[in-house]
1. My understanding is that a pair violates if its Cα-Cα distance is over 25 Å; which of Lys184/Lys230; Lys90/Lys145; Lys81/Lys234; Lys65/Lys117; Lys61/Lys238 do that in this structure?
2. Chymotrypsin sites (Phe, Trp or Tyr not before Pro), restricted to the range 24-102: which are DSSP loop and have at most 11 other Cβ atoms within 10 Å?
3. Suppose the chain between Glu53 and Asp108 were pulled fully straight at 0.36 nm per residue; how much longer would it get relative to their current alpha carbon spacing?
4. If you work out volume of the Cα convex hull per residue in Å³ from the coordinates, which of (1) 171; (2) 127; (3) 155 do you get?
5. How much length is gained if the chain between Asp88 and Gln28 is pulled fully straight, taking 0.36 nm per residue apart and subtracting their Cα-Cα distance, in nm to one decimal?
6. Roughly how many debye, to the nearest 20, is the charge dipole of the chain about its Cα centre, given +1 on each Lys and Arg Cβ, -1 on each Asp and Glu Cβ, and no other charges?
7. Give me the extension gain from Thr99 to Ile74: residue separation times 0.36 nm, minus the current Cα-Cα distance, reported in nm with one decimal.
8. For the chain, what % of the accessible area comes from carbon and sulfur atoms, probe 1.4 Å?
Amino acid sequence: MIGLFALSIYSLMQTLSPYEPDYQDQIQSPGVTIRPDVYGDEVIEVFYNVSDENSYKGTVKSLCKFLSVYNKTIQEEMNNKDCGNLTDVKDLLKGSGRTRYACQFTTDMLGKCSYDKDPTFGFASGQPCLFIRINRIIGFVPDNKTAATLHCFSTGKVKEDLGPLEYYPNGTFGMQYFPYYGRKAQPNYTNPIVAVKFLNVKRNTEYEIVCRVNGSKIINDNPHDPYEGKVTFKLNIKN
């Protein structure tokens, strides 16, 4: 009996690919996450007082940790490739066998939202930067021709004007970062991110905000999943 069981397990293991899951049809469109991810009772809440450094010091520290993998030196040590503005990077990323290199994503792409430009990521000035990331799905490409784009807007019962926003880099998730080939084939892959800088939101006002990723293969209108193709959060900058 034990031998039969062992043989069955061995036979099963021989049919499984170490490079990709056999069953992934349940996830067709990626989720979207945000940093900082400070959770309140029901939703992410980015609340702080611009006059109180202690109210955002921990947030800045968590963002430094989150962005550390995107340091240029770290990306080079991981052997990730400088893809520039290329979109067709198959030959550049080809490794041995089924392995793949990955394109670099570095903090200098984040413009005014990089640590070098502002070590508080805008929190000290009341112009905070928030960082949006698409979750990984093996083989997923958001669009066959153009990159996925990000758009943030105010929602909720009181739709306060957010004022001007700046997106880095260019509010897009470049096509050179897709598809993702999986942890075994592409072990040093780092997710592309888009930074959103809020330039002039009203103080002492609670905003409910949606940041939505747009692409022909991205579902972002599912009312039952607030993180499929979009992320919802609240923002309140007090003084």
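The values are calculated or read from the model by the stated rules, or taken from the named source; none is laboratory data. Bear in mind that the values here come from a model prediction, so they are computed numbers and not experimental data. Note: ideal-geometry Cβ built from the backbone for every residue, glycine included; neighbour counts use all protein chains shown. Accessible surface areas use protein heavy atoms only, side chains included; no ligands, DNA or RNA. Shrake-Rupley method; radii C 1.70, N 1.55, O 1.52, S 1.80 Å.
1. Numbers: Lys184/Lys230 28 Å; Lys90/Lys145 15 Å; Lys81/Lys234 36 Å; Lys65/Lys117 17 Å; Lys61/Lys238 20 Å.
Correct reply: Lys184/Lys230; Lys81/Lys234.
2. Numbers: sites: Tyr39, Phe47, Tyr48, Tyr56, Phe66, Tyr70, Tyr101; in loops: Tyr101.
Counting only loop positions with at most 11 other Cβ atoms within 10 Å, none of the chymotrypsin sites (Phe, Trp or Tyr not before Pro) in the range 24-102 qualifies.
3. On the way: separation 55, 0.36 × 55 = 19.80 nm, distance 2.52 nm.
Working it through step by step, the gained length comes to 17.3 nm.
4. Matching entry in (1) 171; (2) 127; (3) 155: (1).
5. On the way: separation 60, 0.36 × 60 = 21.60 nm, distance 2.30 nm.
Length gained between Asp88 and Gln28: 19.3 nm.
6. Working: 27 positive and 26 negative charges, 70 e Å.
It comes to approximately 340 debye.
7. Length difference between fully extended and current span is 7.0 nm.
8. Numbers: 6740 of 13560 Å².
Looking at the chain in its full context, I get 50 percent from C and S.
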